[in-house]
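Worksheet: one structure, shown below.
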Amino acid sequence: MNKDTFSRMVTAHSGTLYRVARTMLASEDDCRDALGEAVLRAWESRGRLRDETRFSPWITRILINVCKSMHRRQRRIVLTESIPEHAAPPDIRQSPVFDALCALPEPLRLPTVLHYVEGYSVEETADILSLPGSTVRGRLARARAALRLELTEEGEKP
């Protein structure tokens, strides 16, 4: 894969990569750092990608690993004044769906974002998260149930 092809593919998938990073990281600065690190790692290991049609899941997996690594490093030191109230732009913060999605635990939130927001199939989501498809389907079902409960008024049926 040459430099131009790599740049085009990264640019084409930049929105997805940003949203995935934003799902996992609270700080805008951390999000940008993770994106830069993921692109650098992808460039350095581009020779390992055998099928260019699998670029999107491949680079998304690299980004998820970078975000998890950042979480491990940050777990040691957390400055409460550096934690924003919300991770998304103000216009999205007002959405009850956004609040409900943020309230999901990460094992449910990440597959939900990858599948429903980014449009990956269950199989691609499973591949990106290194999970069996049945686990992803189960997490999506639990996430839908949790979101349904959260979005209905005081847990009542709609």
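Summary of values
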{"quantity": "Gain in span if fully extended, TYR18 to SER134, counting 0.36 nm per residue against the direct Cα distance", "calculated": "39.1 nm"}
{"quantity": "Protection-proxy order for peptides 139-147, 41-49, 57-65, each taking the mean of Cβ atoms within 10 Å per residue, highest first", "calculated": "57-65, 139-147, 41-49"}
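The numbers here are math on the coordinates, done by the rules we state, and not lab data. Model, not experiment: these values are computed from the prediction. Don't worry about glycine lacking a Cβ; one is built from the backbone with ideal geometry, like all the others, and counts go over all protein chains shown.
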